[in-house]
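The structure appears below as structure tokens.
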Amino acid sequence: MFTENMSAGKGFVALAALILGRWNPIGALVAVVFFGFCDAFQLRLQFSSPDVPYQFFAMLPYFASILALIVFAGKVKPPAALGLDFIRGGK
């Protein structure tokens, strides 16, 4: 469901994908595909098990992102210029 000006909590998953991908576009792409699979899988689980409250399945992508960060991230160093202002042509 899309609502204007709302990311539906996916910003945390996007940040986890960047960290898990070690700030590399290819690694982030692999992480995003994994998290997308988890999101699609939770929808399938919701429809296949209507007796279970949907909230348990809705937390699957977030749980997968936390678990993946714990298991695979290790000591990831962010880029040195992260958070610094860009000044064209000089320091």
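Rule-based calculations on the coordinates, nothing more; no lab input. What you are looking at is a predicted structure, and each value in this text was computed from that prediction instead of being measured. Counting neighbours? That spans all protein chains shown, and the Cβs are built from the backbone with ideal geometry, glycine included.
At a glance:
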| read-out | value |
| --- | --- |
| Cα-based Rg of the stretch 34-73 normalised by 2.2 N^0.38 Å, two decimals | 1.22 |
| Per-selection metrics, the chain (Cα): Rg and Dmax in Å | 16.7, 62 |
| Gained length - residue 10 relative to residue 55, 0.36 nm times residue gap less alpha-carbon distance | 14.7 nm |
| Relative contact order [Cα under 8 Å, 6+ residues apart], the chain, whole percent | 30 |
| Inter-label distance, nm, simple model (7 Å from Cα along the C-beta direction), residue 85/residue 29 | 3.5 |
| Mean Cβ neighbour count within 10 Å, used as a protection proxy, ranking 71-81, 48-58 highest first | 48-58, 71-81 |
